[in-house]
1. When both residues are 6+ apart or on different chains and their Cβ atoms are under 6 Å apart, which pairs have a first residue that lies in segment 73-87 and is free of Cβ contacts under 8 Å to residues at least 40 places away in the same chain, and a second that is among the hydroxyl-bearing types (S, T, Y)?
2. Somewhere in segment 60-75, is a residue exposed (fewer than 12 other Cβ atoms within 10 Å of the Cβ) and hydroxyl-bearing (S, T, Y)?
3. Report those helices (runs of 4 or more DSSP H) wholly inside segment 1-78 carrying at least 2 residues which are under 25 Å from L97 (Cα atoms).
4. Based on what the data block shows, is L82 surrounded by 11 or more Cβ atoms within 10 Å (Cβ to Cβ) and over 20 Å from A17 (Cα atoms)?
5. Between a residue in segment 12-30 that is surrounded by 13 or more Cβ atoms within 10 Å (Cβ to Cβ) and any residue that is in a strand (DSSP E or B), which pairs come within a Cβ distance under 6 Å, given they are 6 or more apart or on different chains?
6. Conditions: (1) within 15 Å of T112 (Cα to Cα); (2) touching a residue at least 60 places away in the same chain (Cβ under 8 Å). L52 meets all but one. Number of the miss?
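Bear in mind that the values in this text are calculations on the coordinates, not laboratory data. Fair warning: this is a prediction, and the values are worked out from it, not measured in the lab. Cβ sites come from the backbone with ideal geometry, for glycine too, and all protein chains shown count toward neighbours.
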Amino acid sequence: MIGAGVTIFEALKAYDALQKKGVSIRVIDLFSVRPIDAATLLAAAKATNNRLITVEDHYSAGGLGDAVCEAVAPAGVRVERLCVRGIPRSGKPDELLHRYQIDADAIEKAVTGS
């Protein structure tokens, strides 16, 4: 699980909830997309069945997901992206994270496939 900013806190909430269910994940705080720490991403992918999930609080284009994909694609790593997929609206932070499926619940579902 790779996040930055507000989404890292959601990833950590999901981490805690998944641990209680016996599911292990890694959480990477990718605070810098340029330069990106490709070595850490590739090591994480190797340890997680060649699968990474990014979560970001904006559109997919030009953000964290793109940077991660660019860094790991040559190695054949699968990257699933959780991001804003709709026109942004006003609202309370928790409501918006839930609405755009970038909250801890959405992260848990992405990890477990349910």
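1. As it stands, the answer is R81/T54; R81/S60; C83/S60; V84/Y59; V84/Y100, since those pairs meet every condition given.
2. There is no residue in segment 60-75 that is exposed (fewer than 12 other Cβ atoms within 10 Å of the Cβ) and hydroxyl-bearing (S, T, Y).
3. Output list reads 6-20, 64-72.
4. Judged against the criteria, L82 is not a match.
5. Sorted first by the residue in segment 12-30, then by its partner, the pairs are I28/I2; L30/I2.
6. Checking L52 against (1) within 15 Å of T112 (Cα to Cα); (2) touching a residue at least 60 places away in the same chain (Cβ under 8 Å), the one that fails is (2).
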